[in-house]
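Read the figures in this text as sums done on the coordinates, not as results from a lab. None of the values given here were measured: they were computed from a predicted structure. Please note: Cβ atoms are built from the backbone with ideal geometry, for glycine as well, and neighbour counts cover all protein chains shown.
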Amino acid sequence: WGLLLLAAALGAMAATRCPAPCVCDNLRAHVLCLNGSLTAIPDTIPELTRKLDLRGNSFVVIPAGAFLATPYLTHLDLQRCKVERLEEGAFRGLGRLVYLNLASNGIALLYQESLDGLFSLQQLILEGNRIEEIQLGAFGHLGSLTILDLRANALVYLPDMVFQGLQVLRWLRLSHNALHVLGSEAFAALPALRRLSLDHNELQALPGEALARLDGATRLDLGHNPITYVAEEALAMASLRHLFLDHASLQDVAPDAFARSPQLRILDLRENQLQGLPPLAGAGGLVRVSLDGNPLLCSCFLRPFHRWLARARVQAEGACAAPPALRGRSLNSLKSPEMRCSRLQPPPSPTTPPEQPRAAGSRQCPWGCVCSPDTHHGSCENRDLREIPRDFPEDTRLLDLRRNPFRTVPPDAFPGLKELVSLHLQRCSIRVLHPGALRGLESLVYLYLTDNHLSTLAAAAFEGAPQLAYLDLDHNAFTHVPAGAFRLLPNLISLHLQHNAIGELAEGDLAGARGLRWLYLGGNAIRHIAPAALAPTKMLEKLQLEGNHLSEVPTAALRGLPALSELKLSRNPIKHMGDSVFLPVASSLQHLYLDNMGLEHISPRAFTGLGPKIRSLYLESNKMSNIPDMSNFTGLEILNLQDVPFHCDCQLLPLRRWINKLNLCVGATCGSPAEVQGLKVKLSTTFQTCPGWGRDEAGETNPNKTKAASKPSKKKRSGKSPARGFSKSRA
């Protein structure tokens, strides 16, 4: 019968006319229509075709249902087809497709349903397009995808949960984009990822918070990014073995930068600006460190690192650039006594470029600073400067002035730097940012003022910097949000005011911040948020209020925020949660953080309005013994119920059933009664004596079921979920 069916299929395919100008290989079920003038997908392709190669045509648009006539396709190649748009449902009906190549086209946007129907797809290649934005949910139907290639596009930032649905993805390729901002949850929905390629982007700092979500990743490529510094415990990736930070702009690495990545074996730091490294604390698994191409200063200051290499048995690749007597010597050949310092020799600092003849009207680098003509970066970090230096090259795009005791930033402090994009003024003891301080910085996008002593700001300080989009004021001395300070910043997207001493958020504080999308206020002392405090920020997507003194959910303040997708209330002393507290943002909220609050009671109607849109919910480390009915939270990808003392009696049976159906690791354990304390809720035996036990437990092995539990119910079963009553009080 099998042979007859095969013969019939081949006969049917042979009987189907091959469309011009294509070539059909009926025996292998392949069709090739290469480099032709096709402007639409041929509708006469044999139905049983398995592999379809359409490279080099001119389709422009792939319409909905374009391949419905070829449902047996497993491989589809659409490279160089001038495709600009994938309509929703373009690939619907291709449930057998495992390989799709859309490289070298002109696609600019991935819509939510563009890839609908490809539930067997394993490889998706989108390299070399013009993709600037990926709508949330675009990959939601690709549950079998293992490789996603987005290289050489125009991505600037990745929002949270942008890759949701890719549960088995193993390699994500994002090289050669323009990425400079990653949402903290950008990679949260990638539990199987093993390799992440982020090289050749515009990342100015190691995105530690986003990367911490990748527990299973073993290789990370971050080379060719303008990263200047790797901070303390910057990388927390439990399984990481290979880290590539080559061809960046690194000038310094903190001693414990990799302490939270204990499996790290290979560290590639080639072609940076490092004059040395400290002993790398906590990186006990390292086997090799590559430092070739760095201006290594093999003086006494490198001895601790050299001794650590020997003690930890780490192989080092690299050669001395100075002093002259050791130039060219490999690190492995050095002996400690050879690494000497003169008595007056200062600690190592980035090498000042040699004097060059000055062309008329040109600018050199200020004395004691480093200016790179290749990367357009300037750095005077930690030079004990009292005044902001001038005369940087006019094409400077990143200026690093961290750790200098400037104390004030005077008017017109940065003359002639019209191309400057990123300005770093962290840890500069700054108390005053004078009016006009940033005047002339018409291209400035990033301003970092972290770890200073600012307590107030005037709007005039930002005069002349209208493109400023990312403002970091964390770890300063603000006791209130500087009211009206942002009215000259129409493009402000992200505002960081974490770890200050702000006591309330008042009406008018955010006046003028109409484009704000991300607001970070964690680690303050906020007790009250006025109902109209957030009214100017109608585009707000992310609101982080963790670690404050709020005693209730600020429901009134959430009204008028139609785009809010993330709300973080962790570590606030909210003990009771009343009815409909999230209703104002129920239509948009996707990520909700309610952990570590000491929460004792949640009203049965607290989550009114929330439902399928919720992607992640964090409730760990609280004190309630039950939670509300969440049976309509059908879109959950992350649910954390660890360290919640659930009372595992019959009132909790609906929750137990719901958890079983989720197919998620939620960490729920019993806190009582005593005989099951510490057991997972799923494994507790206390439910076996509950009325109705066994009705929905089909397939579970349980030899101790009572007769009462095994008797069929006399009531007519409803089609509704039995999960009502999650929040009933402890009986």
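List of remarks:
- For the chain, adding -39500 (n - 2.57) for each run of n ≥ 4 DSSP H residues and dividing by the number of residues yields -1500 deg cm²/dmol at 222 nm.
- Subtracting the Cα-Cα distance of residue 419 and residue 28 from their residue separation scaled by 0.36 nm leaves 135.0 nm.
- Only the Cβ atoms of Lys and Arg (+1) and of Asp and Glu (-1) were treated as charged; on that basis the dipole of the stretch 218-339 about its Cα centre amounts to roughly 520 debye.
- Partners of residue 51 within straight-line reach, counting aspartates and glutamates whose Cα lies under 14 Å from its Cα and excluding those fewer than 8 residues away in the same chain: 25, 77.
- Isolated Cys in the chain, by beta carbon distance under 4.7 Å: 81, 428, 665
- Relative contact order of the stretch 18-193: 13 percent, from C-alpha pairs under 8 Å at least 6 residues apart in sequence.
- Relative contact order of the stretch 111-181: 34 percent, from C-alpha pairs under 8 Å at least 6 residues apart in sequence.
- Centroid-to-centroid separation of the stretch 551-593 and the stretch 60-135 [C-alpha atoms, Å]: 37
- Separation in nanometres of the label points that stand 7 Å from Cα toward Cβ, at residue 341 and residue 580: 6.8
- Using a Förster distance of 30 Å, the FRET efficiency for residue 528-residue 408 (Cβ separation, nearest 0.05): 0.40
- Rounded to the nearest 20 debye, dipole of the chain from Cβ charges on Lys, Arg, Asp, Glu: 2180
- With the simple spin-label model, which puts each label point 7 Å out from Cα in the Cβ direction, the residue 683 to residue 47 separation comes to 5.2 nm.
- Extension reserve of the residue 263-residue 603 stretch, reckoned as 0.36 nm per residue once the Cα distance is removed: 118.0 nm
- The chain, relative contact order in percent, only Cα pairs under 8 angstrom and at least six apart counted: 4
- Cross-link check: pairs 542/623; 568/661; 623/680; 575/680; 538/568 evaluated at a Cα-Cα cut-off of 22 Å; pairs beyond the cut-off: 542/623; 568/661; 575/680.
- Maximal additional length on extending the residue 559-residue 130 stretch stands at 150.8 nm, based on 0.36 nm per residue less the C-alpha distance.
- Considering only 690, 198, 172, the residue lying farthest towards the positive end of the dipole of the chain is 690, judged by Cα position with unit charges set on Cβ.
- Label point distance in nm, residue 477-residue 443, each placed 7 Å from Cα along Cα→Cβ: 3.5
- Value in Å of the Kirkwood radius, where the chain supplies the Cα pairs that are averaged: 29.4
- Using every pair of distinct Cα positions in the stretch 406-478, the Kirkwood expression returns a hydrodynamic radius of 11.9 angstrom.
- Of all complete DSSP H helices in the chain, those with a Cα span along the helix axis of 15 Å or greater and a mean Kyte-Doolittle hydropathy of -0.5 or more are 2-15.
- The stretch 18-193: translational diffusion in µm²/s, Stokes-Einstein, Kirkwood Rh over Cα pairs, 10 °C, 1.306 mPa s: 97
- In this calculation the C-beta distance from residue 642 to residue 20 is compared with R0 = 60 Å, giving a FRET efficiency of 0.45.
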